[in-house]
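The values are calculated or read from the model by the stated rules, or taken from the named source; none is laboratory data. In this text, all values refer to a predicted model and were calculated from it rather than measured experimentally. Virtual Cβ from ideal backbone geometry, glycine too; neighbours counted across all protein chains shown. Areas reflect the complete protein model, heavy atoms only, side chains present, ligands, DNA and RNA absent. Shrake-Rupley method; radii C 1.70, N 1.55, O 1.52, S 1.80 Å.
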Amino acid sequence: MSAAVAVHDRTARRTVGLHPEVEALPRERLAALQLERLRESLRRAWEQVPWQRERLQRAGLSGAQDVRTLDDLRRLPFTVKTDLRDHYPFGLFALPVEQLARLHASSGTTGKPTVVGYSAADLNTWADLMARTLHCAGARRGDIVHNAYGYGLFTGGLGMHAGAERLGAVVVPASGGGTERQVALIMDFGARVLCATPSYALAIAEVAEAQGVDLRRSALRVGLFGAEPWSEAMRREIQARLPLKAIDNYGLSEIMGPGVAVECEQQDGLHGWEDHFLFEVVDPDTQAPLPDGAAGELVITTLTRQALPMLRYRTRDITRLTRVRCACGRTHARLLRVSGRNDDMLIVRGVNVFPSQIEAVLIGQPHLAPHYQLVLRRRGSLDHVTLEAEAVPGLAALQYDGVAREVAHRVKSTVGITVEVVLQAPGALPRSQGKAVRVRDLRKKGA
């Protein structure tokens, strides 16, 4: 048994979670805490963000006192990503920039970047929540945490780093890239926890296999994966190639970063930390609230964020909520696996398609590696979809056409769209060190 595993066994808790007084809080007391914090967050937005105050006034509110129950949340207007871009860079902040401790930003590949700010108190809250998140996933004090999320303006790397330190773990700040060296560090340092995007976790496994390194003999036991949608099929693939339990983690920078919700070791939905966030699911077309269990767009309101209070932020992520108590004993609502983003959904000849549906067909096929891209073009007046997949090493080139036809048949019968499958040689498709690029939609470019 490795030293890291021994530490894990010695420090296992009988209570629920790292913060048991909150994680197992009775729902009526949790609701009372949420209402108190909602009114405070609303007061901050009203007093410090003129744009928010004007919108709230147009919605018929005269102040935070108008919110008397959690149901009054529905009176508040939604916030969307373009609102942040329209007020670039600091127009939605509730604190002057000189009072902030840190800025993060999106890449801005589709326009102005989304800029988010944190006060010192926000960073302290974030570190606490990330420590809770890591603990919920199975990490413990003294564990070696190999952090392969990118550092920099992306929130993943620094968010995970601060949480691991707050937990009392030992952080290896590997970031992305240099995968051969990362394999060596995982083996040499005895990391028990791997933090990465799921696609990069598979890339690490693939490079290790090519080097003749058996990561299944490593000390890894916990994988905390997120930042991109991934399927149950990919989870099974990761767990088959790495000796760990693959745990889903959810977050977004507009709300905080990673650590908004996470699976426990039951792997039965992601616990949303309701003492800091309010979760709703709405119909993405009508914006009408949906009952628990119905699939729709996730909407989040921050309850404790000082620098950037978010009121009813439309995430565009499609999920379902359940408030049934988890077998682990935690009382917080659970998000059932995010199936994709509403703005990632493709409409192909009238059929709604999420890339995760294609992934579920591909992963686990005996002749395919877990790497693919969808390329959409317009041919005449019709959509044409090319699915570029990758063969496993050792598959004879003469077999490519037969495998491609079989995959096309499976996609047609399972997803309902016709695709042209092009099977590539091993290693031909690009590998991602961060979020995987699964779709290239060239229809508007006339390609």
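Can you tell me how many residues within segment 307-323 are part of a loop (DSSP other than H, G, I, E, B) and either of a type in the set (A, V, I, L, M) or buried (at least 23 other Cβ atoms within 10 Å of the Cβ) (or both)? So the count comes out to 5. Within segment 349-378, restricting attention to residues that are in contact with a Leu (Cβ under 9 Å, 6 or more places away or on another chain) and at pLDDT below 80, the residue that is surrounded by the most Cβ atoms within 10 Å (Cβ to Cβ) is 354.
Evaluating residue 207 against the criteria (1) over 30 Å from residue 122 (Cβ atoms); (2) open to solvent by 10 Å² or more (accessible area, probe 1.4 Å); (3) part of a loop (DSSP other than H, G, I, E, B) leaves one unmet condition, (3). Of the residues making up segment 223-248, those that are open to solvent by 10 Å² or more (accessible area, probe 1.4 Å), modelled with pLDDT of 95 or more, under 14 Å from residue 198 (Cα atoms) and outside any helix (DSSP H, G or I) number 3. Condition (residue is surrounded by fewer than 18 Cβ atoms within 10 Å (Cβ to Cβ), more than 28 Å from the chain's Cα centre (by Cα) and at pLDDT 95 or above) applied to segment 34-42: is it met by at least one residue? No, that holds for no residue.
For segment 101-123, taking the residues that are in a loop (DSSP other than H, G, I, E, B) and modelled with pLDDT of 95 or more, the one that is farthest from residue 47 (Cα to Cα) is identified as 101. Against the criterion of being in a helix (DSSP H, G or I) and closer than 30 Å to residue 147 by Cα, residue 406 does not qualify. Six or more apart or on different chains, Cβ atoms under 7 Å: show the pairs whose first residue is in segment 306-318 and under 13 Å from residue 46 (Cα atoms) and whose second is assigned to a strand (DSSP E or B) and among the polar types (S, T, N, Q). Correct list of pairs: 309/302; 310/79; 310/301; 310/302; 311/79; 311/301.
In segment 284-294, is there at least one residue being within 21 Å of residue 56 (Cα to Cα), free of Cβ contacts under 8 Å to residues at least 24 places away in the same chain and open to solvent by 10 Å² or more (accessible area, probe 1.4 Å)?
Initial filter on segment 284-294 (within 21 Å of residue 56 (Cα to Cα)): 286-289.
Still in the list and also free of Cβ contacts under 8 Å to residues at least 24 places away in the same chain: 286, 288.
Now drop any that are not open to solvent by 10 Å² or more (accessible area, probe 1.4 Å), which leaves 286, 288.
Yes, there is a match, as at least one residue in segment 284-294 is within 21 Å of residue 56 (Cα to Cα), free of Cβ contacts under 8 Å to residues at least 24 places away in the same chain and open to solvent by 10 Å² or more (accessible area, probe 1.4 Å).
Among residues of segment 122-134 that are in contact (Cβ under 8 Å) with a residue 24 or more places away in the chain, those with a beta-carbon under 9 Å from a residue that is open to solvent by 10 Å² or more (accessible area, probe 1.4 Å) and among the acidic types (Asp, Glu) at least six positions away or on a different chain give the pairs 127/165; 131/165.
If a residue must be touching a strand residue (DSSP E or B) at 6+ places or on another chain (Cβ under 8 Å) and not in a loop (DSSP other than H, G, I, E, B), how many such residues does segment 124-140 contain? I'd like the intermediate steps shown before the answer.
Kept after step one, since they are touching a strand residue (DSSP E or B) at 6+ places or on another chain (Cβ under 8 Å), are these residues of segment 124-140: 126, 129-130, 132-134, 136-139.
After this cut, where a residue has to be not in a loop (DSSP other than H, G, I, E, B) as well, the list is 126, 129-130, 132-134, 136-137.
Final tally of qualifying residues: 8.
For segment 81-100, the candidate set comprises residues that are surrounded by fewer than 15 Cβ atoms within 10 Å (Cβ to Cβ) and over 17 Å from residue 44 (Cβ atoms); within that set, the residue that is farthest from the chain's Cα centre (by Cα) is 98. Of all the listed residues (57, 52), the sole one being under 15 Å from residue 311 (Cβ atoms) and open to solvent by less than 20 Å² (accessible area, probe 1.4 Å) is 52.
Yes or no: residue 80 free of Cβ contacts under 8 Å to residues at least 40 places away in the same chain and either farther than 14 Å from residue 308 by Cα or aliphatic (A, V, I, L, M) (or both)?
So residue 80 fails the test.
If the condition is being more than 18 Å from residue 303 (Cβ to Cβ) and of a type in the set (Lys, Arg), then segment 126-156 contributes 140, 141.
Among the conditions (1) in contact with a helix residue (DSSP H, G or I) (Cβ under 8 Å, 6 or more places away or on another chain); (2) open to solvent by less than 10 Å² (accessible area, probe 1.4 Å); (3) hydrophobic (A, V, I, L, M, F, W, C), residue 255 misses just one, which is (1). The set of residues from segment 379-392 being in a strand (DSSP E or B) and either open to solvent by 30 Å² or more (accessible area, probe 1.4 Å) or of a type in the set (S, T, N, Q) (or both) comprises 379, 382, 384, 386, 388.
Can we say residue 201 is of a type in the set (Gly, Ala, Ser), within 30 Å of residue 336 (Cα to Cα) and open to solvent by 10 Å² or more (accessible area, probe 1.4 Å)? Criteria not met by residue 201.
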